[in-house]
Amino acid sequence: MNSQIAALIEKIQSMELELEAALAKRRAELRVGLEHGRVAFEEEILRRHRELKTRLSAYILHARPLVILTAPVIYAVIVPLVLLDLFVTVYQAVCFPVYGIAKVRRRDYLVFDRHHLGYLNALEKFNCAYCSYGNGLIGYVREITARTEQYWCPIKHARRVVGAHAQYAQFDDYGDAEAFRKRAAELRQAAAKDER
């Protein structure tokens, strides 16, 4: 791999760690903590959250009519999401052991914790769970397909890819046949390790 690219990857990873530290600091400022794996707020914060909660009836009554009319379209997406979840989970369970690819832990991507927020009403909590599932599932699927791509075809595309996954930068350059032949086994071994 090109040393400049390797240095940039290292810099990005360092900045991601810095970002996570800043986010942890902000959580501490908001006095959010975890006790035995559960979210915990101070009593004063919980009281303030309850004060800021919008009653469900008011929330629905003040919704724009087009928002209400489009809600079934939004919620109908759950069907293909569940099917995608099922198929990709089975795909990983069947194929990854055969190729020695490290399995993606579903719980790392599907996080449901917004129901602990006292300032959300029941519908807002439901919507948050729906979005958590959809976005978490897409992240889970993306990581499974990224590991598959790393194993089978770790070659960059000829043109820029918007939003490429984290492993993509380590792939061989488009048209660099020598690097691909030299590094294919190395990249497959990396896919077998759970380094993410």
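We did not get these values from a lab; they are worked out from the coordinates using the rules stated. Fair warning: this is a prediction, and the values are worked out from it, not measured in the lab. Glycine gets a Cβ as well: all are built from the backbone with ideal geometry, and neighbour counts include every protein chain shown.
Here is how the numbers come out for the structure above:
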| read-out | value |
| --- | --- |
| Computed FRET value (nearest 0.05) for Ile68 with His115, which takes r as the C-beta separation and R₀ as 25 Å | 0.65 |
| Kirkwood Rh in Å, taken over the chain so that all alpha-carbon pairs contribute | 20.4 |
| Loop chymotrypsin sites (Phe, Trp or Tyr not before Pro), region 87-196, which have at most 15 other Cβ atoms in a 10 Å radius of their Cβ (DSSP) | Phe112, Tyr119, Tyr174 |
| Electrostatic dipole magnitude of the chain [Cβ: Lys, Arg +1; Asp, Glu -1; Cα centre; debye, to 20] | 420 |
| Residue (of Leu187, Gly134, Ala71) at the positive-pole extreme of the chain, dipole from beta-carbon charges | Ala71 |
| Under the span-like rule (Cα at least 15 Å along the axis, Kyte-Doolittle mean at least 0.5), DSSP H helices of the chain | 65-76, 78-99 |
| Efficiency of FRET between Leu52 and Glu178 - r from beta-carbon atoms, R0 45 angstrom, step 0.05 | 0.15 |
| Convex hull of Cα atoms in region 84-131, direction-averaged projection (nm²) | 4.0 |
| Computed lengthening from Leu61 to Cys153, 0.36 nm per intervening residue step minus Cα-Cα distance | 27.9 nm |
